[in-house]
Amino acid sequence: MTSPLSPAARAALALELLAIDPLGLGGVWIRARSGPTRDALLDRASALPLPLRRLPPDAGDDALSGGTDLGATLAAGGLVRRPGLLSTHAALIVPMAERVRPRCAARLGQALDRRAVCLLALDEGDAAEEALPTALADRLPIAVFLDGVRPADLPPARDAQAARARLAEVRHDSGALQELTLASTALGISSLRAPLAALAAARAHAAHAGRDALAAEDLRVAVELTLVHRAEAAPQDDAPPSTASEPETEDDRDPHDDASGKQSETLTEAARAALPPGLLAQLSAARAARMARGSGSGGTKQGGRRGRPLPARPGRPDGSARIDIVATLRAAAPWQTIRRRDAQDDRAIHVRPRDIRLRRHEEHADRLLVFVVDASGSAAMARLAQAKGAVELLLSEAYSRRDHVALVAFRGASAEVLLSPTRSLVSTKRQLAELPGGGGTPLAAGLQVAATLAAQASGRGMTPSFALLTDGRANISLDGRPDRAAASADAQRVAATLRRHGWPALVIDTGRRPAPALRTLAGTLDAHYLPLPHADAATMSRALAATLDG
């Protein structure tokens with residue numbers, strides 16, 4: 001069997017096939033940081049038979065679909081429209097494609113479905129969850145990964161003009177699409193776009209090779225280019241048992257079915273050979289992270305004063321949002337001819353209340369890190385000092401991220417909020433230094449007070465997280481009784497309530513030895529568990545970063 005394509009050969013072939021059939025394929029997803037290798041690959045995009053355009057990841061509807069040319073409209077006295085980037089066939093290069101907003105991704109997805117544009121999505125994300133929006137990843141058939149590839153590794157570019165002229169003559173039968181569909185199913189791909197994209201890639205590869213009909217090599221390359229990176233399951237070695245009631249005879253068997261079955265098995269083997277080790281785990285982890293969490297910042301909300309601009313909307317000024325002057329004039333411009341004719345004055349521009357557009361912005365909610373610190377007698381003075389040192393380290397991490405922090409301490413028979421949400425590092429350190437130790441361990445009360453504080457902060461638009469520092473030896477129940485069994489049960493119950501809110505948490509075990517009960521509590525919270533005796537500054541820093549980033 002032919003060995004899989006190298007990353008460099010895959011990247012070069014992707015651009016060559018795209019130059020042959022840019023609108024039929026739709027585009028390519030290039031995951032790589034900015035550098036000489038990516039620049040060398042993008043230089044080959046000049047071979048595309050389409051004009052190249054740059055598209056910012058936060059492009060609005062006016063840039064994509066066109067809109068009113070305000071200056072020309074006011075000068076002409078009638079509506080003059082400006083075409084958008086999606087109004088004509090073009091190859092759009094999108095830098096930082098992992099940051100494309102959902103609205104923009106939806107518009108681009110519609111254009112790709114109409115075969116109106118070709119897209120070169122430059123994904124520069126570092127983390128696994130920073131990746132192309134699903135609306136685009138499902139529509140871009142070929143993915144290119146340039147890790148470890150140097151410019152000199154790229155093979156020489158080939159002229160695509162002759163292959164482009166040959167593409168219309170490439171023939172295929174229905175069996176080719178059936179085989180690609182079976183290969184897609186074997187890889188666990190549910191999207192029906194996948195086998196259609198593979199067929200378009202196979203036809204382009206046949207034209208690239210100078211053939212006028214699809215060959216087995218064209219299908220194999222198409223599977224490797226378009227299906228492998230979408231895989232959600234490894235192809236199984238064993239075929240499912242037959243459910244036929246009677247074995248087929250030689251006369252009943254269709255020779256075409258045998259050939260198709262062998263071909264689909266060959267494609268499945270090619271897909272299995274091309275799957276890099278650990279790819280499925282990485283892809284599933286990235287999908288889960290993107291679905292379960294957002295970005296590392298707080299949750300998004302719509303506001304009227306600051307943040308990423310959103311499209312303006314009609315409304316009446318009430319002091320809570322500013323008027324978008326340009327959008328208001330665009331709404332009024334088409335009506336100027338009629339309004340000037342009906343008006344009894346000589347105003348240059350006539351604006352009506354229904355023309356008014358209000359600014360909107362997308363804001364990121366502030367993040368709040370709630371420190372829940374065990375100051376009981378079981379923590380002991382030496383270990384409480386270690387816990388304070390750990391909190392100070394984590395405080396510095398939170399401060400560098402410009403997060404709010406709050407401090408909750410529990411000791412004796414109750415818990416209290418020592419410091420409400422603040423960004424003051426000095427105030428937090430002062431309260432922490434003055435924190436006394438001794439008494440019982442009302443762990444459930446500490447979690448309950450922290451939950452109340454987090455709920456209040458969430459109501460004010462913050463995104464809360466927790467850092468619990470304790471040795472886990474709960475011995476005071478919620479009603480204030482010294483009862484270890486009840487105290488442990490109460491702590492588990494409050495932890496389950498916290499988990500239902502979906503707030504991220506970090507549990508730091510401050511005991512001399514890791515406590516199994518505290519590890520169980522961390523599991524109930526769905527929290528990161530970190531034994532303090534085994535943790536250095538770097539470990540705690542990474543754990544906090546993982547908690548805050550979700």
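Backbone amide hydrogens, once placed in the peptide plane, bring residue 438 within less than 5 Å of 376, 377, excluding anything fewer than 5 places away on its chain.
Sorted by packing (mean other beta-carbon atoms within 10 Å per residue), highest first, where do 99-108, 35-44 land? Can you show the working numbers first?
Values: 99-108: 19.3, 35-44: 16.5.
Output ranking for 99-108, 35-44: 99-108, 35-44.
Show me the GluC sites (Glu not before Pro) within the range 93-185 that DSSP assigns to loop and that have at most 13 other Cβ atoms within 10 Å of their Cβ.
Working: sites: 98, 124, 129, 130, 169, 179; in loops: 124, 129, 130.
Answer in residue order: no site qualifies.
Among residues other than residue 104 with Cβ under 11 Å from its Cβ, the summed charge is +2 (Lys and Arg +1, Asp and Glu -1). Taking Lys and Arg as +1 and Asp and Glu as -1, the other residues whose beta-carbon sits under 12 Å from that of residue 77 total +3.
What is the sum of charges, Lys and Arg at +1 and Asp and Glu at -1, for the other residues whose Cβ falls under 14 Å from the Cβ of residue 16? Every neighbour counted, the sum reads +2. Shown in residue order for the range 148-162 are the 3J(HN,Hα) couplings computed by the Karplus curve 6.51 cos²θ - 1.76 cosθ + 1.60 at θ = phi - 60°: x, 8, 9, x, 5, 6, 5, x, x, 6, 10, 5, 9, 5, 5 Hz (x for Gly and Pro).
Just so you know, all these numbers are worked out from the coordinates, no wet-lab data involved. Predicted model, so just to flag it, every value in this text is computed and none were measured. Glycine gets a Cβ as well: all are built from the backbone with ideal geometry, and neighbour counts include every protein chain shown.
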